[in-house]
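The block underneath contains the structure these notes are about, expressed in structure tokens.
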Amino acid sequence: MLKRAVNVLASGILGALVATIGAGAHRSAGYLGVALALVLVACAAIFAKTWESWAGFIAFASLWVAATVFYGGSGPGNSILVAADLKGHLLIYGGATLIAIIAAVPRFVLVGRDVSS
């Protein structure tokens, strides 16, 4: 039970970490940076869903959303990390769409039917 709780917490921390990396890197190399940030979101979401099933996936997704909303807001001096332009919208809405698509994929497609969970 404790191991599962720690794993779910780690999935949530992974969501916050992926959002932080995505917010910092989505402008790094033009639209390639946005694409790489979205690939990171998709890979981490798949990992969270296969590792700890729905509990881990929900922890990942909720902390990713919370951190992305935080980075999209204005900070001290009215600075923002995820601007309200095309690249920022691609990161936010593209990441949310990828998470929704991965949520719709049944877990047995990712891990197989012979894995007990």
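The values are calculated or read from the model by the stated rules, or taken from the named source; none is laboratory data. Quantities reported herein were computed from a predicted structural model and do not represent experimental measurements. Heads up, the Cβs are rebuilt from the backbone with ideal geometry, glycines too, and the neighbour counts pull from every protein chain shown.
Please indicate, with yes or no, whether at least one residue in region 68-80 is assigned to a helix (DSSP H, G or I) and either closer than 13 Å to Gly94 by Cα or modelled with pLDDT of 95 or more (or both). Spell out the reasoning first.
Our first condition is that a residue be assigned to a helix (DSSP H, G or I); within region 68-80, this holds for 68-72, 76-78.
Narrowing the set further to residues that are either closer than 13 Å to Gly94 by Cα or modelled with pLDDT of 95 or more (or both) leaves 68.
Yes: one or more hits.
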Criterion: closer than 20 Å to Ala103 by Cα and in a helix (DSSP H, G or I) - qualifying residue of Ala5, Ala19
Ala19
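Would you mind stating whether Thr50 is in a helix (DSSP H, G or I), within 19 Å of Val111 (Cα to Cα) and under 15 Å from the mean Cα position of the chain (by Cα)? Show your work before the answer.
Values: in a helix (DSSP H, G or I): yes; within 19 Å of Val111 (Cα to Cα): yes; under 15 Å from the mean Cα position of the chain (by Cα): yes.
Taking the combined requirement at face value, the residue satisfies it.
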Looking at this structure, is Gly95 touching a Phe, Trp or Tyr at 6+ places or on another chain (Cβ under 6 Å), surrounded by 18 or more Cβ atoms within 10 Å (Cβ to Cβ), at negative phi and modelled with pLDDT of 95 or more?
no
Only one of Ser79, Ser11 is of a type outside the set (Lys, Arg) and farther than 24 Å from Ala103 by Cα; which?
Ser79
Just need a number here: residues in region 26-69 that are within 29 Å of Lys3 (Cα to Cα) and free of Cβ contacts under 8 Å to residues at least 60 places away in the same chain.
25
Take region 3-22 and flag every residue that is out of contact with any Gly (no Cβ under 9 Å at 6 or more places or on another chain), surrounded by 14 or more Cβ atoms within 10 Å (Cβ to Cβ) and not β-branched (Val, Ile, Thr).
Leu9, Gly15, Ala16, Leu17
Looking at (1) surrounded by fewer than 14 Cβ atoms within 10 Å (Cβ to Cβ); (2) on the phi < 0 side of the Ramachandran plot, which one does Gly112 not meet, given that it meets all the others?
(2)
When you go through Ala25, Ala59 one by one, which is the residue that is surrounded by 14 or more Cβ atoms within 10 Å (Cβ to Cβ), more than 23 Å from Leu9 (Cβ to Cβ) and touching a helix residue (DSSP H, G or I) at 6+ places or on another chain (Cβ under 8 Å)?
Ala25
Taking Leu38 as the residue in question, decide whether it is crowded, with 18+ Cβ neighbours inside 10 Å and not β-branched (Val, Ile, Thr).
yes
